[in-house]
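Student: One structure follows; several queries about it will come next.
The values are calculated or read from the model by the stated rules, or taken from the named source; none is laboratory data. Owing to the predicted nature of the structure, the values given are computational and were not obtained by experimental measurement. Cβ coordinates were reconstructed from backbone atoms using ideal geometry, including for glycine residues, and neighbour counts include every protein chain displayed.
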């Protein structure tokens, strides 16, 4: 306490000066309308700046919750759009059964591990068998292809990334329907190669590439990317460079696609 008194005694002139300045400033503001308005405007700006930063911090802290909410809403919409249902029209008979006719189901998941700098890249999801995931399910993000579920445990799943030399996806040129096989070359994480497109196919840079729907994993029309370049290969086909629509460095939440008719299709094809 004695040290405090000595310190205050040593700076008492400075404290007195500060008090006089504050008193003088308050008199100036109270007696002068111009200064009063300027001071009020200054305090509003300071308060507004503080509240803006506080609100941005609050919004940032709630981003994870908001992203999850949006992912769940998107998942609900995906489960009811027309493209997730199989057509049951036979000649003039049409059945509108939203339970028996549904073909694809979507569920959200969060990526908890991801690699892009290897030759055989994988992702890990925070859902597994307990949440309905199983091998051979498609994985997409914001409507663009990500990969295929490879293995599952009770609460986790591993996904073969599109950035994996072992993965091939049946894809087609959206505008004309010519299809081929798309795979990653192991070089640029933003680019893959689409092959087996015949030379008579009308293609241009910028054309959209989507999934063909021929596999039992992805529905038709899932966005893959856009043609960035192409050249003749082998005399009969194009080799097409595709700029992928998925940025694998920014992945966070994904949708896992379950084909409700997958087993039936596979069993039928295996009889051939």
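Student: Considering each of 175, 187 in turn, give the residue that is surrounded by fewer than 16 Cβ atoms within 10 Å (Cβ to Cβ) and closer than 23 Å to residue 161 by Cα. Steps first, please.
Tutor: On the way: 175 fails: closer than 23 Å to residue 161 by Cα.
One residue alone meets the criteria, 187.
Student: Looking only at segment 143-168, which residues are in contact (Cβ under 8 Å) with a residue 24 or more places away in the chain, under 21 Å from the mean Cα position of the chain (by Cα), within 24 Å of residue 180 (Cα to Cα) and part of a loop (DSSP other than H, G, I, E, B)?
Tutor: Residue satisfying the conditions is 143 alone.
Student: Within segment 207-219, take every residue that is free of Cβ contacts under 8 Å to residues at least 60 places away in the same chain and assigned to a loop (DSSP other than H, G, I, E, B) and give me the one that is farthest from residue 138 (Cα to Cα).
Tutor: Filtering segment 207-219 for residues free of Cβ contacts under 8 Å to residues at least 60 places away in the same chain gives 207-210, 212-215.
Okay, now just the ones that are also assigned to a loop (DSSP other than H, G, I, E, B), so 207, 212-215.
Numbers: 207: 23, 212: 13, 213: 12, 214: 13, 215: 10 Å.
Checked segment 207-219; the qualifying residue farthest from residue 138 (Cα to Cα) is 207.
Student: Ok, one more. Considering only residues of segment 128-142 that are under 17 Å from the mean Cα position of the chain (by Cα) and buried (at least 19 other Cβ atoms within 10 Å of the Cβ), which is nearest to residue 219 (Cα to Cα)?
Tutor: Quick first cut of segment 128-142, residues under 17 Å from the mean Cα position of the chain (by Cα) only: 138-142.
Those still in the list that are buried (at least 19 other Cβ atoms within 10 Å of the Cβ) too: 138-141.
Numbers: 138: 9, 139: 11, 140: 11, 141: 14 Å.
Only one residue fits best here, namely 138.
Student: Then there is this: Could you run through segment 181-191 and say how many residues are touching a residue at least 60 places away in the same chain (Cβ under 8 Å) and either in contact with a strand residue (DSSP E or B) (Cβ under 6 Å, 6 or more places away or on another chain) or outside any loop (DSSP other than H, G, I, E, B) (or both)? Let's see the steps before the verdict.
Tutor: Residues of segment 181-191 that are touching a residue at least 60 places away in the same chain (Cβ under 8 Å), as a first pass: 182, 186, 189.
Still in the running and either in contact with a strand residue (DSSP E or B) (Cβ under 6 Å, 6 or more places away or on another chain) or outside any loop (DSSP other than H, G, I, E, B) (or both): 182, 189.
Total meeting the criteria: 2.
Student: Taking segment 221-258 on its own, how many of its residues are in a loop (DSSP other than H, G, I, E, B) and in contact with a helix residue (DSSP H, G or I) (Cβ under 8 Å, 6 or more places away or on another chain)?
Tutor: Of the residues in segment 221-258, 2 are in a loop (DSSP other than H, G, I, E, B) and in contact with a helix residue (DSSP H, G or I) (Cβ under 8 Å, 6 or more places away or on another chain).
Student: Okay, next question. Identify the single condition in (1) modelled with pLDDT of 95 or more; (2) under 23 Å from the mean Cα position of the chain (by Cα) that residue 205 does not satisfy, given that it satisfies every other one.
Tutor: Single failed check for residue 205: (2).
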